[in-house]
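Just so it is clear, none of the values below were taken in a lab; they were calculated from the coordinates. Just so it is clear, the model here is predicted, and its values are computed rather than measured. Here the Cβ positions follow ideal geometry from the backbone for every residue, glycine too, while neighbour counts run over all protein chains shown.
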Amino acid sequence: MRVLESVNARIRLIRVHDFFDRARIAEATQQHLGVLTALEDGDGDMAAALMFAHIRHSQRSASGAAERARRRFEVLDGGAA
């Protein structure tokens with residue numbers, strides 16, 4: 001549980017920007033449902049692979065969201081970033 005809390009604390013601000021994107025929300029939901037389906041089917045290896053893929057994809061998405069947020073702040077700050 002501590003690991004999950006640590007991960008959530010680190011990505012909370014990025015999530016705010018990332019989750020304004022409806023397509024990303026739908027995509028993450030489908031990824032989570034895939035993990036749950038694999039778990040329900042008793043396929044732990046598949047669940048682990050799907051979760052790993054989801055995390056990799058989320059990292060790329062979060063990096064993009066962070067960069068977009070940085071550019072918005074830079075514009076608001078008059079380009080001083």
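Here are the numbers:
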| read-out | value |
| --- | --- |
| Computed E for E74/D41 - FRET, C-beta separation, R0 35 angstrom, nearest 0.05 | 0.15 |
| Using θ = phi - 60° and Karplus 6.51 cos²θ - 1.76 cosθ + 1.60, couplings along the stretch 24-31 (whole Hz; Gly, Pro as x) | 5, 4, 4, 5, 5, 4, 5, 5 |
| Computed lengthening from L4 to M51, 0.36 nm per intervening residue step minus Cα-Cα distance | 15.6 nm |
